[in-house]
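The values are calculated or read from the model by the stated rules, or taken from the named source; none is laboratory data. Just so you know, these numbers come straight off a predicted model, no measurement behind them. FYI the Cβ positions are ideal-geometry reconstructions off the backbone, even for glycines, and counts take in every protein chain you see. Side chains included, ligands, DNA and RNA excluded: accessible areas come from the protein's heavy atoms. Shrake-Rupley method; radii C 1.70, N 1.55, O 1.52, S 1.80 Å.
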Amino acid sequence: MTLIEVTAYVNIYGFFTVIILGTVESTLNRITFLSNDFRTKACIFYLVCASLLDLIRIDFGIIIRLITEYFGSNLTVTSRVVSKIRAYVLVCFNWAQCGLLSVFSSLLPCFCI
């Protein structure tokens, strides 16, 4: 095995590891935060939304990159829509996530009354 082959295997298994661990982590966060003990806290809605948005961002970015690099289907070149969505999710979604979470946190007192 050459160094290039080893690097390719490490990258592929690394992608799958991040997808699996990220999905499990996000699911466990949502289960924990939605339990009866934590539902009465005001910040839990914020944390559940942040966990869900992180899951979308991480899984979408890794799956598109995995398809692009290792399965020969370069969707970002052939499809303009996928290219624009990928750029938005990976770059702008961080700012959009901050904006959404700030809106959630400002609207949260309205729902708690």
Out of the residues in the stretch 22-45 that are open to solvent by less than 80 Å² (accessible area, probe 1.4 Å) and among the hydroxyl-bearing types (Ser, Thr, Tyr), which is farthest from ILE67 (Cα to Cα)?
-> SER35
Take LEU55 and decide whether it is of a type outside the set (Val, Ile, Thr) and touching an Asp or Glu at 6+ places or on another chain (Cβ under 9 Å).
-> yes
If ILE19 satisfies every condition in (1) without any contact (Cβ under 8 Å) to a residue 40 or more places away in the chain; (2) among the hydrophobic types (A, V, I, L, M, F, W, C); (3) open to solvent by less than 60 Å² (accessible area, probe 1.4 Å) but one, which is the exception?
-> (1)
Wholly inside the stretch 13-113, helices (runs of 4 or more DSSP H) that include 3 or more residues that are within 13 Å of the chain's Cα centre (by Cα) and at pLDDT 70 or above are 44-70
So which residues in the stretch 1-12 are surrounded by fewer than 13 Cβ atoms within 10 Å (Cβ to Cβ) and under 22 Å from the mean Cα position of the chain (by Cα)?
-> VAL10
